[in-house]
Amino acid sequence: MNRLIRGGAIVTCDGNHRVLAGDVAIVGSSIVAIGPDAASRLPPPFEIVDATGCIVMPGLVQTHVHLVQALFRGMAEDVPLLTWLEQRIWPFEAAHDEASLKTSAELGLVEMLRAGTTAIMDMGTTHGHDVVLDACERSGIRAVSGKALMDRGDTVPKKLRENTKASLREAERLAKHWAGRGNGRIQYGFCPRFILTCSEELIRGAVGLADDLGQFLHTHASEHADERKAVEALLGGSDIMLLDGWGFRGDRAVLAHCVQITADEMAHLAIAKTNIAHCPSANLKLGSGIAPVAALRKAGVNVGLGGDGAPCNNNLDPWLEMRHAALLAKIKSGIASLSARDVVRMATIDGAKVLGIDRVAGSLEVGKRADVVVVDIMGAHVAPAADLMATLVYGTRATDVRHVFIDGERVVENGVVQTLDGERIAATARSEAIRIGKAAGVL
Ligand SMILES: [Zn+2]
C-alpha cells in the first residue's frame, strides 16, 4: 500500500542532518519523496497517516541485544558480570527449550518494536536458534542474529559448552538457511560469546565463515575490569587486540561494550573499521563503568547503541539508551563532548552502519526503504519541544511512539504491535519464566 505521512517535523538523519517540514511519501517499501510537495509525487490511491504534532524520523537501531534473555528480566539482580553469567544467565540459558525461547524472543521483539526499534544486532544462546530467527522474521523487524558460540570455560554449564566443529557447523547451517529471508531483512551474525568462553580455533572458524558467506561477526569485549584481567591472565593480552589478530575485525565486525578500551586500541579499531556497540544502561547495572564514547567517535570509530539483555538493564528501550549515553558522556568526557544530535545519529544512521544497512535504512532519504517512526511530541513531559534533538534524547519515552513502519509495512499502529500478539506474549512470559527458573535451579 502507498502512504503519505503528513504534517510532521521530519528529522531525516541524512548527511546534512536536515530537519524538514512536510510529508513523507512511500510507494511500496520505498521513500519516494520528502518535504512540502511530497504528496504530488505519490500516485493515488494512498493512505494518509496524520503526523501533526509529531516527529517523523528513521527507525531506531539497537546494535547489541539478546532476545533469548528477555524472559529473565528481573531475575539476575545486583551481581557483577562474571557472577551474573555463571550463577544466573548461563543456568537460565541452559534450561531454555523451544517453547521458552519462542516466548523470550517474542517478548523482546514486542518491547522493541513498540518503542520504535526497527533493526537489531542480536546474540542468541547455543541451541534452538531457529526459533529466534523465526520470531524475528514473523515480527517484520530487520535483524542480524546468530547463535552464541562457546567451546571452553570451566564454569560454563555442560549444555552450553560445545564441541568446536559442531558449533561452527550449526552456525553455518543457520546462516545458510536464514540469511536473506524476510525480503532480505534477516541476516546472520556469527557470535563467539566472548574470548573467555571461545577457543582461538572457534573464533578463527567464525571469521572464516562470516567472510565466506558475506555475513557478520558479533561478540563482547573489554566490558568489565575483572574480565579484562582474567583475559590478560589466561591469554597474555587484551581481548580487543587478540580478536583483531585472529581476524575479528572490519566493518562487518561488532564489539559490544569496550568500556575498558585504551587509546591505542581505539586508534587501531578506527583503522580496522571495527564497530562498537555502546550499552550504557547495562554497563551501569553491572557496575562495569562508562565507555569513552566521545573519545571513540573522535578517534573515528563507528559506535551504535544497544539495550543488551533485559536482565542487565532491565529494559530494551532505545530512548533510555539515548538518554544514558548523552548523560554519561558529560561525566566521562565533558559537558559538550557528545551532543543530542550526535546521540540521535548513533541511534539511527550510525547504528545502521553497524548492521551494514546504511545504504537502505538509518535515514529518511528518497530511494531508501521506508523504516519510519512517528513520535508524538505533544505530551506535557516534552512540551514545548522547542529543540527537537534534545526532545528526542532527553525527554521522549517509548510510549510516545505512535506508529512504526518497516519496509513500508505498518508494524505498530497507535502504540499497538501489529505483527505479534503483545498481550498473549506478556501473559505467557510469566509462567514460562517461572518454569525455566525452576528448571535452572535458580528459583
Ligand atoms: Zn551482551
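Brief remarks follow.
- Consider the stretch 23-37 and keep the residues that are at pLDDT 95 or above and more than 13 Å from Leu364 (Cα to Cα). The one that is surrounded by the most Cβ atoms within 10 Å (Cβ to Cβ) is Val27.
- Qualifying positions in the stretch 173-192 - touching a residue at least 24 places away in the same chain (Cβ under 8 Å) and surrounded by fewer than 19 Cβ atoms within 10 Å (Cβ to Cβ): Lys176, His177, Arg181, Asn183
Condition check ((1) assigned to a strand (DSSP E or B); (2) within 16 Å of the ligand (Cβ to nearest atom); (3) within 22 Å of the chain's Cα centre (by Cα)) across all residues:
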site	(1), (2), (3)
Lys165	no, no, no
Leu168	no, no, no
Gly182	no, no, yes
Leu196	no, yes, no
Asp212	no, no, no
Asp251	no, no, yes
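- Residue in the stretch 24-35 that is within 24 Å of Ala277 (Cβ to Cβ) and not polar (S, T, N, Q) present: no
- Cβ-Cβ under 8 Å pairs, at least 6 apart or on other chains, the stretch 213-231 side among the basic types (Lys, Arg), far side modelled with pLDDT of 95 or more: Arg228/Ser222; Arg228/Ser238; Arg228/Asp239; Arg228/Gln260
- Within the stretch 318-334, considering residues that are free of Cβ contacts under 8 Å to residues at least 60 places away in the same chain and charged (D, E, K, R), the one surrounded by the fewest Cβ atoms within 10 Å (Cβ to Cβ): Lys330
- The residue that is nearest to Phe216 (Cα to Cα), counting only those in the stretch 259-272 that are part of a loop (DSSP other than H, G, I, E, B) and away from the ligand (no atom under 14 Å from the Cβ), is Ile261.
- Residue within the stretch 327-350 that is within 16 Å of the ligand (Cβ to nearest atom) and modelled with pLDDT of 95 or more present: no
- When the stretch 273-288 is filtered for residues that are crowded, with 24+ Cβ neighbours inside 10 Å and either more than 12 Å from the ligand (Cβ to nearest atom) or part of a strand (DSSP E or B) (or both), the ones remaining, listed by number, are Thr274, Asn275, Ile276, Ala277, His278, Pro280.
- When residues of the stretch 297-313 are limited to those that are among the hydrophobic types (A, V, I, L, M, F, W, C) and more than 15 Å from Thr348 (Cα to Cα), the one nearest to the ligand (Cβ to nearest atom): Cys312
- Unique match (being closer than 24 Å to Asp358 by Cβ, assigned to a loop (DSSP other than H, G, I, E, B) and within 16 Å of the ligand (Cβ to nearest atom)) among Ala256, Ala291: Ala291
- Of the residues making up the stretch 399-438, just one is polar (S, T, N, Q), under 21 Å from Pro318 (Cα atoms) and touching a residue at least 60 places away in the same chain (Cβ under 8 Å), namely Thr419.
- Test: Glu201 is closer than 26 Å to Glu172 by Cβ, more than 16 Å from the ligand (Cβ to nearest atom) and of a type outside the set (A, V, I, L, M, F, W, C): yes
The values are calculated or read from the model by the stated rules, or taken from the named source; none is laboratory data. Treat the numbers as computed from the prediction; the structure is a model and nothing was measured. Glycine also receives a Cβ, built like all others from the backbone with ideal geometry; neighbour counts cover every protein chain displayed.
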